[in-house]
1. Take the residues in the range 93-122 that are assigned to a loop (DSSP other than H, G, I, E, B) and near the ligand (Cβ under 9 Å from one of its atoms); name whichever of them is surrounded by the most Cβ atoms within 10 Å (Cβ to Cβ).
2. Can you find even one residue in the range 152-161 that is within 11 Å of the ligand (Cβ to nearest atom), within 20 Å of residue 6 (Cβ to Cβ), at pLDDT 95 or above and buried (at least 22 other Cβ atoms within 10 Å of the Cβ)?
3. From 54, 45, which residue is touching a residue at least 12 places away in the same chain (Cβ under 8 Å), part of a helix (DSSP H, G or I), more than 17 Å from residue 80 (Cα to Cα) and within 16 Å of the ligand (Cβ to nearest atom)?
4. Could you check the range 74-92 and list, in sequence order, the residues that are buried (at least 22 other Cβ atoms within 10 Å of the Cβ) and not in a loop (DSSP other than H, G, I, E, B)?
5. Here are some conditions: (1) surrounded by fewer than 22 Cβ atoms within 10 Å (Cβ to Cβ); (2) within 11 Å of the ligand (Cβ to nearest atom). Residue 32 meets all but one. Which one does it not meet?
6. Any residue at all in the range 127-135 that's within 9 Å of the ligand (Cβ to nearest atom) and over 16 Å from residue 167 (Cα atoms)?
7. Please work out which one of (1) in a helix (DSSP H, G or I); (2) within 22 Å of residue 122 (Cα to Cα); (3) away from the ligand (no atom under 13 Å from the Cβ) is the condition residue 19 fails and give its number.
8. Which one of these is touching a strand residue (DSSP E or B) at 6+ places or on another chain (Cβ under 9 Å), surrounded by fewer than 18 Cβ atoms within 10 Å (Cβ to Cβ) and farther than 23 Å from residue 110 by Cβ: 138, 186?
Ligand SMILES: NC(=O)c1ccc[n+]([C@@H]2O[C@H](COP(=O)([O-])OP(=O)(O)OC[C@H]3O[C@@H](n4cnc5c(N)ncnc54)[C@H](O)[C@@H]3O)[C@@H](O)[C@H]2O)c1
């Protein structure tokens, strides 16, 4: 029977979505899911969620929860990693220190200085997990979701006995869904070919019943000035194939987009949503905290700066609260005519 470890199982989004995916495969529905996190409260929450998900899906899976990593890894066939070393506090530093020196970041988790900070604190932990795997489950595949993707997979591959490591990202599926919607084709009928490395993939073919859907995509873009202001659409126009990474990620993957104030102005207001936004990651954290507190997700387009401020006031961590409030105030200042008082 397949045994799968989730390392960093307290990662709400990943654990929920992955369990939903894994347990719907008949071959894996009776798997043992071995959850591990260093935070007992988060681990407990993950365990309850896993049991609930298995019950809802009618999957006869066995759910285990371990604070001890080696016990969680023991005998596993697959180890899925989704840790975030240092949590919110470290992520704040990834933004605040570079910002003090005028360095612009949107997500700061994949490359650039934020990615390097993250790599430096995460590589030793990844190598520790791999060292444990080499002893208690040497044949297992190490499937990594944690960023910075390329740096972590490389450091694990080169620096530990574990070479069966693969980095995964859900951006391919998300992007092809969005493209299908844009060209008005039912997703189930769309076929695609994507390829790429280092967290940067491209949709080489997009078809429905043998019809190339790229011309339809061109028409959709030509009709929509908002789309034309998106970073990834600009990349598509320059490179000829659509990239799978979001505009927020892409804006910092390519230094061109955030180099000047003029470029930021040009790409940040897209009509429907802001692109090339700074500090997207902080937005995500705010959402996550508010969801965990049972509130609605926060959308931090400028028009909702007031909501953001309201959410900020409910956050437990004073430093984080202050930071979010400052960001919201900056948004209001940048685009006052869209912002509610
Ligand atoms: N590949 C992708 O498609 C993709 C997309 C989004 C986010 N990410 C990455 O996924 C990671 C998780 O993001 P999140 O927002 O779900 O994080 P999160 O903070 O919600 O969850 C991470 C969990 O890791 C746990 N953790 C921290 N250090 C640990 C350790 N040493 N051992 C075991 N558990 C540990 C924390 O307690 C927490 O429960 C981040 O690194 C992020 O950059 C990847």
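The values are calculated or read from the model by the stated rules, or taken from the named source; none is laboratory data. No experiment lies behind these values; they were computed from the predicted model shown. Glycine also receives a Cβ, built like all others from the backbone with ideal geometry; neighbour counts cover every protein chain displayed.
1. Result: 107.
2. The answer is yes; a qualifying residue exists.
3. On inspection, the qualifying residue turns out to be 45.
4. Of everything in the range 74-92, those that are buried (at least 22 other Cβ atoms within 10 Å of the Cβ) and not in a loop (DSSP other than H, G, I, E, B) turn out to be 79, 80, 81, 91.
5. Tallying (1) surrounded by fewer than 22 Cβ atoms within 10 Å (Cβ to Cβ); (2) within 11 Å of the ligand (Cβ to nearest atom), residue 32 fails exactly one: (2).
6. Yes, because at least one residue in the range 127-135 is within 9 Å of the ligand (Cβ to nearest atom) and over 16 Å from residue 167 (Cα atoms).
7. Just one mismatch for residue 19, condition (2).
8. 186
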